[in-house]
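Where a number appears in this text, it was derived from the coordinates with a stated rule and is not lab data. Since the model is a prediction, treat every value here as computed from it, not as a measurement. So basically every Cβ, Gly included, is an ideal-geometry build from the backbone, and we count neighbours across all protein chains shown.
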Amino acid sequence: MLTVKGLCTEYVGERGQPIRAAQEVAFGVPPGKLFTLLGPSGCGKTTTLRSIAGLERPQLGEIAIGGELVFSSQKNLFVPPNARGLGMVFQSYAIWPHMTVYENAAFPLRVGRRKFSRREIDERVMRVLATVDLAEMAQREATKLSGGQQQRLALARALVMEPRLLLLDEPLSNLDAKLRERMRFELKRLQRELGITTVYVTHDQSEALALSHAIAVMNRGRIEQIGAPREVYERPQNQFVADFVGTTNFLDATVSGADGAAGFYRVRCELGELKAQAHEALRPADKVVLSVRPEDIYLSELRPDGENVWQGTVDQKVFLGESADFQVAIGERRLQSRVHPSLRTRVGEPIYVRIDPEKCVALKP
Amino acid sequence: MQAAGEAAPVFATAAPRFDAKWLIIAACVVLTLYLGMVPLAFLLWQSFFTPQSAAKAAVFTFGNYREAYGSADTWLLFGNSLRFATGAAALSFAIGTLLAWMNERTNTPFKGLFFALSVIPLIIPGILFTVAWILLGSPKIGIINLALQRLFDTDAVFINVYSLGGMVWVDGLHYSPVAFLLMTAAFRAMDPALEESAIMSGASVLQVVRRVTLPLAWPAVFATLLILFVRAIESFEVPALLGLPVGLQVFTSAIYQAVHRYPSQIGLAAAYAVTLLAMTSVGVYLQSRLSSSGSKYATMTGKGFRPRTIDLGPWRYLTMAVFLAYFLFIVVLPFMVLLWSSLQKFYAVPSMEALSRLTLDPYRTIIAYPNLLRAVWNSLLLAVASATIIMLVTAVICWIVVKTRLPGRWLLDNFASLPMVFPGIVLGLAIMILYLTIPAGIYGTIWIMLIAYVTRFMPYGLRYNTTSMLQIHKELEESAAMSGASWTTTFWRIILPLLKPGLVAGWIYIVIVSIRELSSSILLYSPGTEVVSIVIWELWENGQYVELSALGVMLILALFVLVLAAQWLGRQFGIREL
Ligand SMILES: Nc1ncnc2c1ncn2[C@@H]1O[C@H](COP(=O)(O)OP(=O)(O)O)[C@@H](O)[C@H]1O
Ligand SMILES: [Mg+2]
């Protein structure tokens, strides 16, 4: 549905210097799927989204929507945003304060190139407002809406034209934590029900993991990895992705050699020898970084069976309600582990640590 | 889905659908450049030529400048202008700062009320304020002199407004509200925590003032002084009414005299005007430099602090008395004297006898005055038309400046602000010369006045619109584009409605200042295109003081109602101050 190739977008900085906000960005989104651009603030997500929307004119690359080129630097083609027929929800929602809820939602139908009759407009607007649960508020001043309602109105306005592609720029970041969680489910339900192709921008990894069919992790204007949520989380391709998507423990290590099954290696780190998995071929003496998620570090008071087991002491612990975080010291090194809160070992007491080799990912630094 | 499919992308770029966007933008840009640049160019050009007449063509000459600068009179003129402007600026600064300090940093009683009243003096047109002060302070008929003479039983003249000191007093007093508003803003922008933290660091009060308060306040103080100086040197009414009768000339009144002499010496007037323009340009330039470097101070101050007020103890009744005296001088006395004079058949100083002769005759006379109805109509027409044109055109201009990344947009901003340096009389002169020279057929019509008003007040419109435009989040506009709206639709249905607070406030402001305008109109009006302020001027020249006062009272009341309506409207639209 959407293909982006070799996209480069630059801004002109304060002193005239170019700011490369997006570089060689390339990805595709199949029809009906929700694709997420995930990355820290300032990494170029919004820039990429605005380039797709036509609000920025990229320097290089090609963008096609539904098979039609809308931008190509080679052919010097640029379709202006108001002719692209896309729906977009802005981070600030951009609800027009001088209009009612109804007028906000009806605006795209009134100003577009295609003309609608009054009845058609009324029908479509009420239908889309009902979809986002705002039908009773149609005549209300848009400024009288709460944050969550504004967000839904912005969504309704983006959907009313039944666009071929929906663009969402951090649509939940302005809501408080509780509401954010609820809207996350609402959004997912709506997208799956309408089957509308969506590009979603967020810096919140849990949002990305919860909503997406596919995620692109971005850093400094470039895409670091594209994959399904589970893939990105469990098999990060590099240290940045491992660090940004979820919390993790990093250990510097050196490869000693292959170990049995394909993809498994023996490596030496400050904790000693251990077995780890890698998604690319490694050779002895390669320097690697091991990434282990806290929830993949198992703690027990009795010595467990299997490989990758050490003894340490509980250095600190934090009770979080549904789970507990432990800092375990092994020699000089501290590892963070997330366990069930039923583990009651006290600070200073000894404890056993086990890491599943499949969950211990060796990355090229 | 279908809708989007229909818009053929190739078509959209290869042959863009005709969009009124470029037409509107081009029209506004051309108009702005034309209004900002052309009169200035003609003024410069004219100052290097001899007068054109039926017999002789204009020839290039330095004669105008030689004549202007060769004579010792000019240096006298220069000195007078400088002394007058410096004095008036210093006086209004001193008054304004004292009042602002009392209002912001002390516990003077009723100061909230005072702040609300502080805009009232601004609605009294300069010519009426000056006339009122003549009635109060003239050596022969001035009420203050007569009262003091009776009190002390002498015939000494106590005050004389027909002097440099009198000019400074009247002009400085009239514009002190401007200083008050500017310095109030400066006091508000200064976070008391900055001073308090200096005290906590062990500094003495004197050290705090020297090392913290003054360096912080300096940009605001200097900018305020410059604004007041430029304003005073442009002032026309006070020097014309108070200086000319006793041969005290400044540049503005000299330009007026050069044009009205027979034969009129337009080249000489232009040479004076160029000098005056140079002086105001330097002032405006310094001030804009200052305000851009001043923003670095602005970011240092936090918002949301409660200004610390000094407890004056019993002295607060003294400061209250200062407030009252000020209000007396600037509003009550001038208005009362006009009111008194408007109720007399012939002007007479207040006395028991005169009190018995109160009459409404002047009101009847002035309402029946032949030109009045047409003048009122002209004033209203010009005020409404220029305010509307300015606000719409500058809305487009400031959209370009604020919202686009068009190269050279800062130039556009500067051109639109250029008329700021034109003193009213210089602008009138430049426009007069321009349309005398090119046969556009608008000289002597109301159109030439409209052009002058639009040019003169364009910078105000730009400023109001810019403040509002900066507050419009760009996503509000972009979401309209994403909805499929063209630029024209977006501008009309999104930008203009969102700009409304600034548009309305600026519109009202321009209407008010247009109705008060005198110094450009005085060179441009002809029989049939008089405006209200010109009628007042004529009445003064004819010595019809009581009719003038009647008209003045009605005008002040009308403007007062307009300001009240504006403030009410402002609250409706959520505008804080006008
Ligand atoms: N209009 C602009 N002018 C100059 N630089 C910009 C502009 N918009 C964004 N940038 C810069 O481009 C980079 C990417 O910004 P953005 O795409 O907004 O990041 P994100 O949405 O991922 O937080 C940042 O370094 C930002 O400072
Ligand atoms: Mg962003």
Gap separating the Cα centres of segment B:516-531 and segment B:394-421, nearest whole Å = 29 Å
task = Round to a whole angstrom and tell me the spacing of the C-alpha centers of segment A:311-342 and segment A:84-138.
result = 51 Å
message = Quick one: 3J(HN,Hα) in Hz for segment B:553-560, Karplus 6.51/-1.76/1.60 with θ = phi - 60°, rounded, Gly and Pro as x.
response = 4, 5, 5, 4, 5, 4, 5, 4
key: From the C-alpha gyration tensor of segment B:428-507, square roots of 5λ in Å   = 36, 15, 9
ask   = Can you give the helix-only mean residue ellipticity at 222 nm for the protein assembly as shown, where every DSSP H stretch with n ≥ 4 adds -39500 (n - 2.57) and the sum goes over all residues, rounded to the nearest 500 deg cm²/dmol?
value = -16000 deg cm²/dmol
remark   = Applied in sequence order to segment A:197-202, the curve 6.51 cos²θ - 1.76 cosθ + 1.60 (Karplus, θ = phi - 60°) yields integer Hz couplings, x standing for Gly and Pro, of 5, 9, 10, 10, 10, 7
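Using 1/(1 + (r/R0)^6) with R0 = 35 angstrom and r between the beta carbons of B:Thr365 and B:Ile442, what's the FRET efficiency to the nearest 0.05?
Efficiency computed from Cβ-Cβ geometry: 0.55.
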note = Over its alpha-carbon atoms, segment A:2-242 yields an Rg and a Dmax in Å of 18.0, 56
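Just to confirm a number: summing +1 for Lys and Arg and -1 for Asp and Glu over residues other than A:Glu68 whose beta-carbon lies under 11 angstrom from that of A:Glu68, what do you get?
After counting each charged neighbour, the total is +2.
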ask   = How many Cβ atoms of partner chains, on average, are near each residue of A:52-64 if near means within 10 Å of its Cβ?
value = 1
request  = Determine, for B:Asp361, B:Asp153, the number of other Cβ atoms within 10 Å of each Cβ, and report the residues in order from fewest to most.
outcome  = B:Asp153, B:Asp361
inquiry  = Roughly how far apart, in whole Å, are the Cα centres of segment B:21-43 and segment A:27-47?
reply    = 45 Å
note = Expressed in angstrom and ordered largest first, the alpha-carbon extents of segment A:263-365 along the principal axes are 41, 25, 24
request  = Specify, per residue and in Å³, the volume enclosed by the convex hull of the alpha carbon atoms belonging to the protein assembly as shown.
outcome  = 260 Å³
inquiry  = 7 Å from Cα along Cα→Cβ at both A:Ser206 and B:Leu562: what's the point-to-point distance in nm?
reply    = 6.1 nm
message = Around A:Asn104, under 13 Å between beta carbons, what's the net of Lys plus Arg minus Asp minus Glu among the other residues?
response = +4
ask   = Which order do B:Tyr317, B:Tyr262 fall in if you start with the one that has the fewest other Cβ atoms within 10 Å?
value = B:Tyr262, B:Tyr317
query = Hey, what's the Cα Rg ratio for segment B:130-178 versus the globular rule of thumb, 2.2 N^0.38 Å?
reply = 1.19
inquiry  = Exceeding 25 Å between C-alpha atoms, which entries from my cross-link table qualify? They are A:Lys115/B:Lys403; A:Lys5/A:Lys75; A:Lys115/A:Lys188; A:Lys45/B:Lys500; A:Lys275/A:Lys364; A:Lys188/B:Lys403.
reply    = A:Lys115/B:Lys403; A:Lys115/A:Lys188; A:Lys45/B:Lys500; A:Lys188/B:Lys403
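Find, among the trypsin sites (Lys or Arg not before Pro) in segment B:79-178, those assigned to loop by DSSP (not H, G, I, E, B) with at most 11 other beta-carbon atoms within 10 angstrom.
Sites meeting the loop and neighbour criteria: B:Lys140.
Using Cβ contacts closer than 10 Å as the measure, can you line up A:Val328, A:Val101, A:Val309, A:Val347 from fewest to most?
A:Val347, A:Val309, A:Val328, A:Val101
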request  = Report the local net charge at B:Ser281: Lys and Arg +1, Asp and Glu -1, summed over other residues whose C-beta lies under 15 Å from its C-beta.
outcome  = +1
remark   = Checking rank on B:409-416, A:53-60, with mean other Cβ inside 10 Å and highest first, the result is A:53-60, B:409-416
request  = Once you have a ≥ b ≥ c as the square roots of the Cα gyration tensor eigenvalues for segment B:477-517, tell me rounded if a/c is under 1.5, and otherwise prolate or oblate according to whether a/b is larger than b/c.
outcome  = prolate
remark   = Interchain or sequence-distant (5+) residues whose placed amide H lies within less than 5 Å of the amide H of A:Glu224 are A:Val217, A:Met218, A:Asn219
task = In whole Hz, with x marking every Gly and Pro, tabulate ³J(HN,Hα) for segment A:120-131 from phi via Karplus 6.51 cos²θ - 1.76 cosθ + 1.60, θ = phi - 60°.
result = 4, 4, 4, 4, 5, 5, 5, 5, 6, 5, 5, 4
query = Cross-link partners among lysines for B:Lys345, C-alpha distance below 20 Å, same-chain residues fewer than 8 apart left out?
reply = B:Lys140
remark   = Residues whose modelled amide H sits under 5 Å from the amide H of A:Leu60, counting only those 5 or more places away in sequence or on another chain, are A:Cys8
ask   = What span do the alpha-carbon atoms of segment B:449-570 cover on each of the three principal axes, reported in whole Å from largest to smallest?
value = 65, 30, 19
request  = Can you run the Rg to Rh ratio on chain B? Use alpha carbon positions and the Kirkwood inverse-distance Rh.
outcome  = 1.00
remark   = Expected integer from the mean partner chain Cβ neighbour count at 10 Å over A:93-100 is 5
